[in-house]
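Presented below is the structure to which this report refers.
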Amino acid sequence: MIKAVVTSAILVVLTACGPNPRRGAGVPRMMSIARPLEVYHQLGFMAGPPDFPGVASLATMAGPRDSTYVLFALSLPASALRFQRDADGFIGEYRVVISFLRDSVVIKRVEHRENVRVGSFAETGRTEESIIFQDVIALTPGKYNVQVQANDGFSSRGFRGRDTLEVPAYDEQRRLAVPIVVYQAEGRAHRGARPDFIVNARNTVPYGAEVPRIYLELYHARGGQEVHLRILNERNEPVWQQQTTFAAGSDSLRYAIVDVPTGSLPLGRLWLEASTAGASAELIRSPLLITISDQWMVANFDEVLRFVNYIAHPAELDSLRTATETERLSRWDQFWQRRDPLTSTPVNEFREEFFQRVRFATEHFNESGRPGWETDRGEVYIVLGQPDQVADRFIGREVGTEANAVEWIYENAAGGQLQLLFVDRAGFGRFELSTQSEHAFRAAANRLKPRAPLPTAPPG
């Protein structure tokens, strides 16, 4: 992780990248994140369109004297920006404008224009989170309308977001700040200190990877006080909880930084809850998402196994399916480590491209109520990637009428050139592999699957 401080903002550029699938004629261009953006909208985040999939969030904490700090964070993939080559590699640029209004009157407006530099062309196409912008704005407590505009500096891409924000006065009645999900954080010494954080703007953690780190503040706390932390699933059932003592800091501002064990957290949408005890008890919630990829969001592990089945050896699939909760994370990690082409990089390029293919197939190959990844074309795309050639075919029809078949050609598939024919036999837009193509594809897919993993030695 490379951290560059830019005035009042923090710009974080994460290195390493996985390749995008090759683009061949006749297959639609790869779009940006689809399903996650819908989820972020549902949870109250500001989120951009597919070609500029930024996600923005707002949090508050006590500020100097009678003011409150508003912490704004924006998460972007590098692929949202158009980069230009320069002497040091490639440079991108983006602009962020944040306005706080009351009764249509702008109370405060901040504007930033930032540069992003990367060393290789591959890094410009990264589709996972790679840029984090953040700023801290001091406001008088009250209710505001917030307008956010973020734009690419070298194209027309961008998004506008609107939200309402209640900026609380942190006093004896409101002592607990909203939990903030962070990548890095240092505790503040007093209310006037600017936060030294790198914020997780999307409140999102990859399954089996980083430990969610939570930063919390408690005000007017005399001596060490406890706050009860819980994480609940969508059925409102606790999946993790602990008592946290706020001992660091002073009576006017105490803080805690808590790492949540990932082994206790399921996939999907969760809620992080902090509460105090006593006569003036407070309870505050914020969303927390556990995903398998920036490209895809699922509700449970069983759904993951359905499309991992396309690339897994049967023994691997059985191992994942029968794993206990405590074993699942380690087996999931082993599954992808076997396929990592560049173990020296922090990103598993195979894993990232796999989920890009799943997302692309889902968006472009839907048929008669079946999600795109479950169709024949979706499965082939996920396993083999972008075809080198695509052509319409007319079986029993004259050229010029509507095509009822499509041919994909892979020049360098496992085993040599591969020609696959998808036929719409019933005329309802359901393209299925011909019998001969089915056999050829299965043979190629099996060649790509790894050999069975070595059995795990019994304990003791």
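The values are calculated or read from the model by the stated rules, or taken from the named source; none is laboratory data. From a predicted model like this one, the values you see are computed outputs, not experimental measurements. Note: ideal-geometry Cβ built from the backbone for every residue, glycine included; neighbour counts use all protein chains shown. The accessibility values were calculated without ligands, DNA or RNA, using every heavy atom of the protein model including side chains. Shrake-Rupley method; radii C 1.70, N 1.55, O 1.52, S 1.80 Å.
Odds and ends about this structure:
- The single condition among (1) under 25 Å from residue 276 (Cα atoms); (2) of a type in the set (Val, Ile, Thr); (3) surrounded by 20 or more Cβ atoms within 10 Å (Cβ to Cβ) that residue 132 does not satisfy is (1).
- Selection status of residue 363, in contact (Cβ under 8 Å) with a residue 40 or more places away in the chain, open to solvent by 50 Å² or more (accessible area, probe 1.4 Å), within 22 Å of the chain's Cα centre (by Cα) and under 25 Å from residue 79 (Cβ atoms): yes
- Here 150, 138 are screened, and the one residue that is in contact with a Gly (Cβ under 8 Å, 6 or more places away or on another chain), farther than 28 Å from residue 52 by Cβ and open to solvent by less than 40 Å² (accessible area, probe 1.4 Å) is 138.
- Residue identified as open to solvent by less than 10 Å² (accessible area, probe 1.4 Å) and over 22 Å from residue 330 (Cα atoms) among 270, 216: 216
- Residue count for region 243-267, restricted to those that are over 26 Å from the mean Cα position of the chain (by Cα) and open to solvent by 30 Å² or more (accessible area, probe 1.4 Å): 9
- Selection within region 78-109 - hydrophobic (A, V, I, L, M, F, W, C), at pLDDT 95 or above and open to solvent by 30 Å² or more (accessible area, probe 1.4 Å): 83, 105, 106, 107
- On the stretch given as region 410-438, residues that are at positive phi and more than 34 Å from the chain's Cα centre (by Cα) total 3.
- Any hit, region 430-451, residues being open to solvent by 90 Å² or more (accessible area, probe 1.4 Å), of a type in the set (A, V, I, L, M) and at pLDDT below 95: yes
- Boolean, residue 285 is touching a strand residue (DSSP E or B) at 6+ places or on another chain (Cβ under 6 Å), of a type in the set (D, E, K, R), farther than 22 Å from residue 359 by Cβ and free of Cβ contacts under 8 Å to residues at least 40 places away in the same chain: yes
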